[in-house]
1. How about segment 327-342: which of its residues are more than 24 Å from Ile317 (Cα to Cα) and in contact with a Lys or Arg (Cβ under 7 Å, 6 or more places away or on another chain)?
2. Hey, can you tell me all the residues within segment 420-459 that are under 8 Å from Phe372 (Cβ atoms), in contact with a helix residue (DSSP H, G or I) (Cβ under 7 Å, 6 or more places away or on another chain) and small (Gly, Ala, Ser)?
3. Taking segment 120-146 on its own, how many of its residues are of a type in the set (Lys, Arg), surrounded by fewer than 16 Cβ atoms within 10 Å (Cβ to Cβ) and over 25 Å from the mean Cα position of the chain (by Cα)?
4. Is it the case that segment 113-121 has a residue that's assigned by TED's automatic domain parsing to the domain that holds Val58 and assigned to a loop (DSSP other than H, G, I, E, B)?
5. Considering every residue within segment 337-348, establish whether at least one is of a type in the set (A, V, I, L, M, F, W, C) and under 26 Å from the mean Cα position of the chain (by Cα).
6. Just the residues that are in contact (Cβ under 8 Å) with a residue 24 or more places away in the chain and either on the phi > 0 side of the Ramachandran plot or part of a strand (DSSP E or B) (or both), please, taken from segment 78-104.
7. Would you mention how many residues in segment 172-206 are without any contact (Cβ under 8 Å) to a residue 12 or more places away in the chain and either of a type in the set (D, E, K, R) or part of a strand (DSSP E or B) (or both)?
8. Filter segment 415-433 down to residues that are more than 18 Å from Val282 (Cα to Cα) and surrounded by fewer than 20 Cβ atoms within 10 Å (Cβ to Cβ) and give me whichever is modelled with the lowest pLDDT.
Amino acid sequence: MTRVLLRAAGVCFVLAIALMATAQPASLTVLSRDGRKPLPVIAVNNQEYVAVDDINTVFGTTAREDRLAGGLTITLRSRSIVLTADQNVVSVGGRLVSLPSPPVRRDGRWHVPLDFLPRALALVLDTRLDLRRAPRLLIVGDLRAPRVVARVDAGTTNVAVTFEVTPNTQAQVTAQPGRLVVQFEADVIDLALPSLPPQTFLLGLAPGDTANSVVLTTGPRYATHRVATTPADAGSGRVTIDLLPATTAETTAPTVTPPAAPPEARLVIPPPAPASGLRTVVIDPGHGGDELGTQGAKGTLEKEITLSVARRLRTLIESRLGAKVFLTRDDDRTLSLDERSAFANNHQADVFLSLHANSAVRPALKGAEVYFLTVERADAEARKRAGDNATTLPALGGGSREIDLILWETAQARYLEQSAALAGFVEQALAGRVEMSPRAIQQASLRVLVGANMPAALVEIGYLSNAEQEAQLATGAYQDQVAQALLDALIKFREFLEH
Ligand SMILES: [Zn+2]
């Protein structure tokens, strides 16, 4: 069915232009999983009609006229509709369906009233056709098709693009070279776009490459953006994207890091970046390569789930927090635990999040858990030592500078308060979106956190050993909820660091 619809797009568009020249009513937009295409509408006796030829082009039906009987048969596979001129009852596979006005034969073409589409055509297509008159839409099948109305407000130092979304639907904003892509969690969007005011932040606002997206083509004044989501109000939600100019602050290029630090190098860690805030985030998708992690009964692999969540989180952080994000791995490779925290140290991360999925012998166990490092007595002593370990080292180019020499084993110990706060924000944010385990926040001796020279936490996003959770964890919807919760936690954590 869907393939039939796709084929006809080009032809139909030409027809639409030809008919619009004679000041006819606006076309309907046919929304299906494949996208949108126009279906021309004409006025006959003050009623809206569509031509059967156009229906055939868009839906892949065929029509055969019986001049003698004054009838027309529209067929798709083995199903057919029989029309008789000037009779407002049509037969659909022997079942009689009434129309508000009869089919009309004019200029050698047959026309049917708009209600023919949901009442008769839907029966031969064997799918729902939802006719929405005001927005001029025909929605094919059971699609999540929210109404998205865009507005553009141009200020002197910004341009704000606001999308009113009904019913409230999540959206993700992704920055690509020269454009921002807004993707709604829907099959298609029923989109209304305004014309653009004169300005140089936004050069274009148009439907995206997929039926559920919108593309903002950015202009020469655009440098960065901020996304704000307003909670639903009477079932509607609002997403505002602020397009902003470059600030005077210089941007630094991402540091390139050798793939794995040799063991000796990992004994000495550079001092933390001087400024506070949250500018760099390292996300560690647990396991990878030969190391599969835990595995669900249906074969879901921890290493794949963690990577997928990490990528979703990266997109969210980049678009909503404006921080740099690095993944310890962005593919299926094996990394040691120490290599993961070394990666975060080398990138001078302000926060390190390690992502995992859990497993338990007891299949009933489920829910997300958050961990930060345990302080053992030995750790506490090492932590004290770490504090008064400043050493003067010769610097490159002569002179000397003070540097903290920190043993690998004690790096995380210096950040325990901050890590505890981070874990707390993560636990709160997750609890708002996904099921939590009875032990939602825990301290443990986790090797991957030991050498991290910044606030760090490990998140077990759910139990793959629980059948219900295995199914959940594999879905984009659940992964997005986790990513969104982690973003919310990072926003809270940034506030915490700044105050
Ligand atoms: Zn794991």
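1. Residues of segment 327-342 more than 24 Å from Ile317 (Cα to Cα): 334, 336, 338.
Scanning segment 327-342 gives a single hit, Asp338.
2. Ala456, Ala457
3. Going residue by residue through segment 120-146, those that are of a type in the set (Lys, Arg) are 128, 132-133, 136, 144.
Still in the list and also surrounded by fewer than 16 Cβ atoms within 10 Å (Cβ to Cβ): 128, 132-133, 144.
Okay, now just the ones that are also over 25 Å from the mean Cα position of the chain (by Cα), so 128, 132-133.
Residues flagged as of a type in the set (Lys, Arg), surrounded by fewer than 16 Cβ atoms within 10 Å (Cβ to Cβ) and over 25 Å from the mean Cα position of the chain (by Cα) within segment 120-146 amount to 3.
4. Our first condition is that a residue be assigned by TED's automatic domain parsing to the domain that holds Val58; within segment 113-121, this holds for 113-121.
Next, only the ones that are assigned to a loop (DSSP other than H, G, I, E, B) stay: 114-115.
There is at least one residue in segment 113-121 that is assigned by TED's automatic domain parsing to the domain that holds Val58 and assigned to a loop (DSSP other than H, G, I, E, B).
5. Let us first name the residues in segment 337-348 that are of a type in the set (A, V, I, L, M, F, W, C), namely 337, 342-344.
Narrowing further to those that are under 26 Å from the mean Cα position of the chain (by Cα): 344.
Looking through segment 337-348, at least one residue is of a type in the set (A, V, I, L, M, F, W, C) and under 26 Å from the mean Cα position of the chain (by Cα).
6. Answer for segment 78-104, where residues must be in contact (Cβ under 8 Å) with a residue 24 or more places away in the chain and either on the phi > 0 side of the Ramachandran plot or part of a strand (DSSP E or B) (or both): Arg79, Ser80, Ile81, Leu83, Val90, Val92, Gly93, Arg95, Val97, Val104.
7. Summing the residues that are without any contact (Cβ under 8 Å) to a residue 12 or more places away in the chain and either of a type in the set (D, E, K, R) or part of a strand (DSSP E or B) (or both) in segment 172-206 gives 1.
8. Glu417
The values are calculated or read from the model by the stated rules, or taken from the named source; none is laboratory data. Keep in mind the model is a prediction, meaning the values are calculated, not measured. Note that each Cβ is placed from the backbone with ideal geometry, even for glycine, and that neighbours are counted across all protein chains shown.
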